[in-house]
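First the structure, in the form of structure tokens, and then the observations on it.
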Amino acid sequence: MQRIRSEFQFDRDLDAAPTAFATEKNRFKFRCGMCGGPMFVDRALKNKLEKAREEGLEENPLVCDECERDFQEDERPA
């Protein structure tokens, strides 16, 4: 049975995704965990990241789109 993309992503809040630039909603600046480039997140994600940092999470889980693409390409079998 085939399904359309909107059926797979109906529960994802795509507006809450980090962006490479500041928006009305994504006003808080963080850095990509791989390249260190700037990313902007909304208040809810900012609070989650700060709480994780306070609880001892050493690694930054945010990864920008470019690093994600590079990572995906590196994972493909040759």
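The values are calculated or read from the model by the stated rules, or taken from the named source; none is laboratory data. Note that this is a predicted model, so its numbers are computed, not measured. All Cβ positions, even for glycine, are placed from backbone atoms using ideal geometry, and neighbour counts span all protein chains on display. Heads up: the accessible areas ignore ligands, DNA and RNA and are worked out on the full protein's heavy atoms, side chains in. Shrake-Rupley method; radii C 1.70, N 1.55, O 1.52, S 1.80 Å.
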**Prompt:** Does residue 68 count as out of contact with any Lys or Arg (no Cβ under 9 Å at 6 or more places or on another chain), open to solvent by less than 80 Å² (accessible area, probe 1.4 Å), in a helix (DSSP H, G or I) and without any contact (Cβ under 8 Å) to a residue 24 or more places away in the chain?
**Reply:** yes
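Could you tell me which residue of segment 17-32 is nearest to residue 67 (Cα to Cα), considering only residues that are part of a loop (DSSP other than H, G, I, E, B) and open to solvent by 90 Å² or more (accessible area, probe 1.4 Å)? Can you show your working first?
Step one: list which residues in segment 17-32 are part of a loop (DSSP other than H, G, I, E, B), which gives 17-18, 20-27, 32.
Applying the additional criterion that residues be open to solvent by 90 Å² or more (accessible area, probe 1.4 Å) yields 21, 24-25, 27.
Values: 21: 16, 24: 24, 25: 23, 27: 21 Å.
The extreme case among them is 21.
Could you list all residues from segment 54-69 that are of a type outside the set (S, T, N, Q) and under 16 Å from the mean Cα position of the chain (by Cα)? If you could, list the steps in order and put the result at the bottom.
Going residue by residue through segment 54-69, those that are of a type outside the set (S, T, N, Q) are 54-59, 61-69.
Once the filter is applied, which keeps residues that are of a type outside the set (S, T, N, Q) and under 16 Å from the mean Cα position of the chain (by Cα), segment 54-69 yields 59, 61, 62, 63, 64, 65, 66, 67, 68, 69.
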**Complete:** Condition set modelled with pLDDT of 90 or more and in a loop (DSSP other than H, G, I, E, B), scope segment 34-62, selection most open to solvent (accessible area, probe 1.4 Å): answer is 34
